[in-house]
Amino acid sequence: MRAITEQQKQEAIAAFAYEGTLIADTVYGSGHINDTFRLTFAVGNMGNLDVILQRMNADAFPHPEQLMENIAGVTGFLKKKIICIEYCRTNTYTL
């Protein structure tokens, strides 16, 4: 995977249109597959907002749309399980 250029990173940051001012942009972790950056935005009275920007390695993940669909499916499944557990724990059943 080629190194990410500053222009590519700035274009990706701009595409998300975060409110506030970007005050920090640092490499996050030391992965071998993806490039990961921690972005810190100053957001008025709210304070600082940290977000993760990650570039997927197209060699390792040639079909990113399918990967994201899989992640959405897994997290949707887990969300339903968590809601069910919380509901069952807070409600009493009688026959």
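How do the pairs read when you match residues in the stretch 38-59 that are over 16 Å from residue 28 (Cα atoms) with residues anywhere that are in a strand (DSSP E or B) and of a type in the set (Gly, Ala, Ser), using Cβ under 7 Å and keeping only pairs 6 or more apart or on different chains?
Pairs that qualify, where the first residue is over 16 Å from residue 28 (Cα atoms) and the partner is in a strand (DSSP E or B) and of a type in the set (Gly, Ala, Ser), are 48/42.
Filter the stretch 83-95 for residues that are among the β-branched types (Val, Ile, Thr) and surrounded by fewer than 10 Cβ atoms within 10 Å (Cβ to Cβ); which is modelled with the highest pLDDT?
90
Under the condition of being farther than 19 Å from residue 12 by Cα and of a type in the set (S, T, N, Q), which residue from the stretch 32-70 is modelled with the lowest pLDDT?
So the residue we want is 45.
Hey, could you check the stretch 1-26 for residues that are under 21 Å from residue 64 (Cβ atoms) and of a type in the set (Val, Ile, Thr) and say which is surrounded by the fewest Cβ atoms within 10 Å (Cβ to Cβ)?
My answer is 5.
Is it the case, given these coordinates, that residue 55 is within 17 Å of the chain's Cα centre (by Cα) and either of a type in the set (D, E, K, R) or under 29 Å from residue 2 (Cβ atoms) (or both)?
Yes; evaluated as a whole, the condition is true for this residue.
The values are calculated or read from the model by the stated rules, or taken from the named source; none is laboratory data. Everything quoted here is computed from the prediction, not taken from an experiment. Note that we place each Cβ from the backbone using ideal geometry, even for glycine, and neighbour counts take in every protein chain shown.
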